[in-house]
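Data first, discussion second: the structure below is written as structure tokens.
Values quoted throughout were computed directly from the atomic coordinates according to the rules given, and no laboratory measurement underlies them. On a predicted model such as this, the values are computed, not experimentally measured, just so you know. Cβ placement follows ideal geometry from the backbone for every residue including glycine, while neighbour counts extend to all protein chains displayed.
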Amino acid sequence: MPWTQRPPWVLIRSLRAIMASASEPQAKLDSIVKVIASNMIAEVSSIYVRLPDESLELFATEGLKKEAVHALRMNKGEGLVGLIADWGQPINLPDAQKHPSFSYKPETGEENYHSFLGVPIVRERRTIGVLTVQNKIERRYTTEEVEALETTAMVLAELIGSGAFAGAVSHSPGRRETSVTIKGTPLADGLALGHIALHEPRPVVLKFFADNIPAELKRLEDALERLKDDIKRHLEHEDSPQDSEHQAVLEAVQMLANDKGWARRMRDAVMAGLTAEAAVERVQQNMRTQLMKVGDDFWRERSHDIDDLSTRLLRTLQGQETHVERLPNDAILVARNMGAAELLSYDPRKLRGLVIEEGGATSHVSIVARSFNLAVLVQVPDVLSIADHGDPAILDAATGQFHVRPSLELIRAYADKARFRARRQARFSKLRHVQAITKDGERILLNMNAGLTVDLPHLYQSGADGIGLYRTELQFMVASRFPKMEEQRKTYNRILDMAGGRRVIFRSLDVGGDKVLPYLRRVKEENPALGWRAIRMSLDRPALFRTQARALMRAAAGRELSLMLPFIADVSELLGAKALIDKEVEHAKKHSHELPSEMRVGVMVEIPAILYQLDQILPLVDFISVGSNDLLQFLFAADRENDRVARRFDPLHSSALKVLREIAAKAVAHKTEFALCGEMAGRPVDAMALLGLGFRSISMAPASVGPIKAMVLSLDTKKLGETLNGLVDGNCPTIRRELTEFARKENIDI
């Protein structure tokens, strides 16, 4: 233990006595900073409170000049205190004055102090203040000291956030009426009009200090067991699709719930004098802080899983039921974060959209939300401080806007837009059973992209001809461990059964980059999108690839199997993968396993280097599919996730179209099937250009099949080809305007 710091229970006992006293709030703060300084052998202890204008005011101090209290204010982001408030994470420095963000305030008299420890004061996951300690000697505070200060900050959060201090940030506003529009990042297109349903508001911890430690330990142990039993029941429920991604998500939650380290930390917190609820919240904040420090998207997402599980445990401790069954029929679900398992517990028929304050494209919940065909916005700042349960709202994922409590005029405008979309959708639905044949008799295959078994009903609802891209990696991403061969086989078998004889093209495992598997050791890469991913990983880990190939062959026994290899950059990679597939064929024969009736192997054309090897590659494969998203971003060196450059280059740039035309011509010359999957395929004008270049098979999101089919039925490809080739041979940054004008003149439905 550092210096002569007292045990944690001594500090907690002192804080408990102060909080229970009849003193005024300011007197309590003054007493608390004295206790902290004494307990931690610190010469300075200070409390800063965040004000509505985002500045931070010194509310109490032990060690700094008393005249600075309520006189010193730090602007947003100013100094180390401002940095802690903005980051929401502790800062621990042996010499604060050497830090570039240090801001010297002469009125405080802090020039003699070097070591610095500051932690955020967080209430309802929002930073409402900062708690600091300082010493003259240069030293780094220990983990025990950081945790002690964070425990104190948790107690302060309730005192400050209760509204006891005039001018402090309040987080318990009354009913609001003002219309607000918030900008977010769209993950799935769509338009939703409905009412806000707050996703399981986090239970409030009202009591922090234990009266009876053994009783609190028993409450914690009982709640943990009930939580584990509840997850186990969900896993064993007869309605749960066995070996599906639902099962995998729940298994990941179960693994976290069974983590002995998580339970041990909570027990230790109770032994230090906290209630079971306070211990859960304390450990959750600690783990979240540690995971957010990693600077890795995967571990940041896992911090959301910890939040999810902690909330479940708090509800179990407090005997609270979930609100899943009390959803309105037009619910727009709003959450700070949520786990995929929780979204799966909602009735998708009642959901219109999903808005997440944090989150990201790689989170498990975003994968499930897209499968539910929801309009989705993530990274929507402060939405939970703005929205109330039951508020009317409009989610426009096309523009990335979330309108809370919209005006009557805005509701009317969007209602007209929604009715127009509904009429269009009804028209497209009538085309479900109509084949996509152009006016000049060309049969066009319109396939859909998928990645989860919950996507499969869209195959029939959309009228798609088949699945042009099945992303097998999504099953792996929602699992807590590498799925065993038999688990994979059952999933692939179910997909083929649900497809009902329509062709399914399985893409082999494409992980790496932003698609992370927690159970595979990772090496930090400067540019993971161009690093160790997809086929490169498969060839370096042949056992993983062979296990998947074996599972696919077993699932497709007696049926056609189409396997597509991603991220091929050189013919040698194709030959290496085919050699591994051949070994699995021999293994199946040796053990008398039935083989697929036809084994088709193809490659995804997405790396520019492969364009100059098509004459060598095409004779070796049964089909190719152009991955337009990656191919175009590599062609233009423009990251499609970077807003500054993503729209700088149009897919209808003449250079891009020349590349696509050349691919089509090569495939025709070698009599090899060719297709394209990507965002281009789902946009009518872009898809029209693809057909003019010779593509007769394209794959897209299920929602795009109807609009593209309507375009195909009104198109004459011969007329289009004559016009298009002349445009492509020019050197234009885009031919979109010319194609749109052509469509208008020819009455093509775009």
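Points worth noting:
- The candidate values are [x] 182; [y] 249; [z] 323; the one derived from this structure for volume of the Cα convex hull per residue in Å³ carries the label [x].
- Two-site FRET efficiency, Met255 against Arg536, from Cβ-Cβ distance with R₀ of 25 Å, rounded to 0.05: 0.35
- Where the alpha-carbon atoms of the range 626-738 are placed on the principal axes, they occupy 37, 32, 30 Å, in descending order.
- Other-chain or far-sequence residues with amide H under 5 Å of Val626's (modelled H): Val605, Ala675, Leu676, Cys677
- Likely footprinting exposure, His458, His389, fewest C-beta neighbours within 10 Å first: His389, His458
- Gyration tensor verdict on the range 513-639 (Cα atoms; rounded if a/c is under 1.5, prolate if a/b is larger than b/c, oblate otherwise): oblate
- Each of Ala667, Phe649, Ser704 was scored by the projection of its Cα onto the charge dipole of the range 626-720, and the greatest displacement toward the positive side belongs to Ala667; charges sit on the C-beta of Lys, Arg, Asp and Glu.
- Within the shell of other residues whose beta carbon sits under 12 angstrom from the beta carbon of Met266, the net charge comes to 0, with Lys and Arg scored +1 and Asp and Glu -1.
- Sorted by Cβ neighbour density within 10 Å, fewest at the top, the residues Asp455, Asp540: Asp540, Asp455
- Between helix 143-161 and the chain: long-axis angle, C-alpha atoms, 0 to 90°, nearest 10: 90
- Exposed loop sites here are chymotrypsin sites (Phe, Trp or Tyr not before Pro) assigned a DSSP state other than H, G, I, E or B and surrounded by at most 15 other beta carbons within 10 Å; excluding them, the longest clear run of the chain is 105-518.
- DSSP beta bridge pairing in the chain, given as percent antiparallel to the nearest 5: 50
- Dipole of the chain computed with +1 at Lys/Arg Cβ and -1 at Asp/Glu Cβ about the Cα centre; of Gly118, Val146, Met599, farthest Cα towards the positive end is Met599.
- The trypsin sites (Lys or Arg not before Pro) found in the range 329-431 that occupy coil by DSSP, while having at most 16 further C-beta atoms within 10 Å, are Lys430.
- Tensor-based shape of the range 8-161 (alpha-carbon gyration tensor, a/c under 1.5 rounded, otherwise prolate or oblate): rounded
- Helix 571-590 and the longest principal axis of the C-alpha atoms of the chain enclose an angle of approximately 80°.
- If only the Cβ of Lys and Arg carry +1 and only the Cβ of Asp and Glu carry -1, the dipole of the range 473-600 around its Cα centre is close to 360 debye.
- Cα gyration tensor shape for the range 57-134, rounded if a/c is under 1.5, else prolate or oblate: oblate
- Spin-label model, Gln401 to Asn527: label points 7 Å out along the Cα-to-beta-carbon direction sit 3.7 nm apart.
- Taking each residue as 0.36 nm, the span from Ala418 to Arg640 lengthens on full extension beyond its C-alpha to C-alpha distance by 77.1 nm.
- Test item: Cα-centred dipole of the chain, Lys/Arg +1 and Asp/Glu -1 on Cβ, debye: 1160
- Taken about its Cα centre, the range 671-721 carries a charge dipole of roughly 180 debye when the Cβ of each Lys and Arg holds +1 and the Cβ of each Asp and Glu holds -1.
- Helix content alone sets the calculated 222 nm mean residue ellipticity of the chain: runs of n ≥ 4 DSSP H residues at -39500 (n - 2.57) each, divided across all residues, give -13500 deg cm²/dmol.
- Net length gained if the chain between Leu235 and Asn725 were fully extended (0.36 nm per residue, minus Cα distance): 170.8 nm
- With a Förster radius of 22 Å applied to the beta-carbon distance between Ile213 and Thr143, the computed FRET efficiency rounds to 0.45.
- Rounded to the nearest 10 degrees, the angle from helix 736-745 to the longest Cα principal axis of the chain is 50 degrees.
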